[in-house]
Each structure stands twice: as structure tokens, then as C-alpha cells.
Amino acid sequence: MTLVGLLPPLCDNGRMLVDGGYLDNLPVSTMFSLGASVVIAVDVGSIDDNSPRNFGDSLSGWWLLLNRWNPFSNVRNIPAIPEIQSRLAYVSSVRTQEEAQVARSCLYMKMPVQEYGTLQFSKYDEIEKKGYRAAIQILDRWEDEGTLPSLTIDGPNADKSKAARKGRSARRNSV
């Protein structure tokens, strides 16, 4: 993957390749079009800050640089170029996320990782543990509600009791 503005696109036979999230960050409709009968959509996106901003008719780079060092200035509210590009990348996914949340045969889970940035690779272990715990809670709730299709996790001949399922991984049967 490459993130425009941070890394140049990869070239493959004359085509420029970038992260697929620029087109569809939650490809539920693509999975249905490939024949999936049930899709578990895991949303790891952050909450967008779409608060209104007014920078006037022009913005001086020198003024911006000096005010970034001023602790009493509110210039820190001006997003940097990578943040602007990241927001633009996710704009197209807002509609698909909303569709996934209400789509029939789509089980949607939002991971509690909003406080982490896209490029915080150093926090991987912390994010992974937090996401795993949240996913287990959601999967258990879906199983208790009868929402979770048993074929997607244990197979048709498995013991359906919760005690028998403990310790098994839903990833085991993933493609």
C-alpha cells in the first residue's frame, strides 16, 4: 500500500497503485459481488473531525510557522497536508460505511481505536489487543443474540455450546 503524500505510488506495468482505501475503505459490496452470503465488516477508521474552519482568503507560510511555536496560538487547528489527504481518502468511504451498517447479511463491528492515528505503527501491539478484546465481546454478543451464523465460525457439525467454542479462533476459517 502507499499513502499519497507520504509515499509515492507503486508502478506496475505503467499503472500507478495506491492504497485501496482511497476508493472503498470498507468493501462490503465487493465481497457480496464475489458471492459472500454473510460479510463481517470490521471498521477500524477514526472519527472524522469535520468541524468548520475559516482561514480567511490567504494563509502565509511564515505566519503559520511562527504561530506553531506560539503556545497561545490556535494555529494548531490547521491540518497538515498529510492529514488533509487522509481525510480526502476517507470521504468516499463514508457512504459505504453507512450502507454496511444497515445492509442485510452484513455484520458490522466498529473497533474502539479512534484515538490512534493511521501511521502509529509503534502502537501495533496495543491496538491489536484492544481490537481483539472488543471483537470477542461483539462475537459473543452476536452468538447470544443468535445473529452470528454458525457456519462462518465453527462449521456445520461443530458443538454449538459456548463452552466448546472457548479458545477457538474465528480467524481459523477465514480465507
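Listed conditions (1) out of contact with any helix residue (DSSP H, G or I) (no Cβ under 7 Å at 6 or more places or on another chain); (2) in the same structural domain as Asn25 (by TED's automatic domain parsing) are all met by Ser73, apart from (1).
Can you pull out the helices (runs of 4 or more DSSP H) entirely within the stretch 1-120 that have at least 2 residues that are modelled with pLDDT of 80 or more, aliphatic (A, V, I, L, M) and closer than 20 Å to Ile138 by Cβ?
Of the helices (runs of 4 or more DSSP H) lying wholly inside the stretch 1-120, those with at least 2 residues that are modelled with pLDDT of 80 or more, aliphatic (A, V, I, L, M) and closer than 20 Å to Ile138 by Cβ span 28-33, 93-102.
Inclusion of Lys166 among residues that are outside the structural domain of Val4 (by TED's automatic domain parsing) and modelled with pLDDT under 80 is warranted.
For the stretch 117-134, the condition of being surrounded by fewer than 16 Cβ atoms within 10 Å (Cβ to Cβ), closer than 21 Å to Val28 by Cβ and either touching a residue at least 12 places away in the same chain (Cβ under 8 Å) or not assigned by TED's automatic domain parsing to the domain that holds Asp19 (or both) holds for none of the residues.
The values are calculated or read from the model by the stated rules, or taken from the named source; none is laboratory data. Just so we're clear, the structure is a prediction, and the values are computed from it rather than from any experiment. Positions of Cβ are generated from backbone atoms using ideal geometry, with glycine treated the same way; all protein chains shown enter the neighbour counts.
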